[in-house]
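The next block holds one structure in the form of structure tokens; read it before the comments.
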Amino acid sequence: MATFNQREYVERAVRSIAMQRVGFPIEVLIGDDASTDGTRDVLRLLEEGLGRSDFHFLLREQNMGKGGERNNEDMLHRARGTYLALLEGDDFWTYDGKLQAQVDFLDGHADHVACYHRCQVVGADSRPNGERYPECPVREYSFREYFYRSLPGQLGTSLVRREPYRRARDEFMALARYDSYAGDRRNAFLMLCEGKVRCLPEAWSAYRHVVTGGSSYSATVRIDEDYARNELLFCRACLDYAELRQSVEALDAAKLQYYRCYLKWSRRMPWAFSRSACLDELRREARQLRYRYSWVRWYAVLGLRRLLGRPVDL
């Protein structure tokens with residue numbers, strides 16, 4: 001669990017981990033990236049109060065930089081478990097059997113590399129705010145659902161096989177040239193490249209969607225030219241990773257995503273993104289028409305889903 005300036009929420013997040021009832025040993029790594037709002041004081045009190053040897057509080061003396069990525073990387077490389085569960089410091093788990101149920105599933109399904117579940121969206125007061133998370137509507141996640149931007153689940157609902165995830169993440173980040181982009185999108189793509197991803201229908205956690213104040217992605221992201229450039233560089237990294245893995249299905253999904261984003265930004269910000277350069281790239285593709293009109297399919301399907309009452313974004 002990574003934390004940064006989440007004083008109002010972090011105790012509930014930590015206690016939701018501590019309440020888990022499991023039949024196996026766990027290791028909890030909580031890395032605070034040099035918070036300045038009192039989060040560290042809350043964590044020190046929790047460390048003393050919980051008195052558990054399986055909880056490890058890493059209170060950084062200096063911010064590790066890169067938007068929290070280095071904090072996450074450090075914890076990932078410290079972790080030793082067979083499985084890895086992720087939770088952000090302003091979210092919380094709501095079911096004390098969550099970890100046991102997900103471990104039981106992955107133990108019994110060797111062909112699956114990750115298991116997610118659904119979540120409830122809450123506001124700053126921890127109460128449901130009426131929003132719905134754009135979760136995968138079917139049991140098995142797919143590149144098709146990835147293209148339409150549904151996710152297998154929110155970050156805090158995930159349980160992944162640690163070693164495939166760590167290896168894939170390291171390989172991907174070695175290719176990436178963007179400054180920051182949503183980690184759940186990256187994780188979803190990587191896990192599909194590794195194997196099957198199951199989506200459980202139960203809502204066992206709460207995702208705090210706060211768009212003003214705090215340090216969460218939702219509260220700090222700004223849709224501007226820098227965001228657009230980072231999104232396109234993220235899409236480029238997905239392309240490079242799919243080519244590295246020599247996966248035909250992943251490469252097709254990455255190209256659909258890349259050209260949809262490239263065409264979108266060249267229309268919305270023509271001074272920064274060249275439409276002619278995008279079309280030149282498209283002409284070299286064997287499936288040029290499929291990728292050139294990917295944005296039409298994208299808007300049509302998401303528009304239909306919205307009409308049917310399905311969440312397509314937050």
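The values are calculated or read from the model by the stated rules, or taken from the named source; none is laboratory data. Just so we're clear, the structure is a prediction, and the values are computed from it rather than from any experiment. With ideal geometry, Cβ positions are generated from the backbone for all residues, glycine too; neighbour counts draw on all protein chains shown. Side chains are part of the model used for accessible areas, which takes the heavy atoms of the whole protein and leaves out ligands, DNA and RNA. Shrake-Rupley method; radii C 1.70, N 1.55, O 1.52, S 1.80 Å.
Annotations
- Condition check for Ala228: in contact with a strand residue (DSSP E or B) (Cβ under 7 Å, 6 or more places away or on another chain) and at negative phi: no
- Extreme residue, surrounded by the fewest Cβ atoms within 10 Å (Cβ to Cβ), among residues of region 7-45 that are touching a Phe, Trp or Tyr at 6+ places or on another chain (Cβ under 6 Å) and in a helix (DSSP H, G or I): Arg12
- Any pair with Cβ under 6 angstrom, 6 or more apart, that starts in region 270-284 at a residue that is within 17 Å of Glu225 (Cα to Cα) and open to solvent by 30 Å² or more (accessible area, probe 1.4 Å) and ends at one that is among the polar types (S, T, N, Q) and part of a helix (DSSP H, G or I): Arg275/Ser266
- Here the helices (runs of 4 or more DSSP H) wholly within region 207-309 that include at least 3 residues being among the hydroxyl-bearing types (Ser, Thr, Tyr) and out of contact with any His (no Cβ under 9 Å at 6 or more places or on another chain) are 248-268.
- Counting only strands (runs of 3 or more DSSP E) that sit wholly inside region 46-148, those with at least 2 residues that are crowded, with 16+ Cβ neighbours inside 10 Å and touching a residue at least 40 places away in the same chain (Cβ under 8 Å) are 83-85, 112-122.
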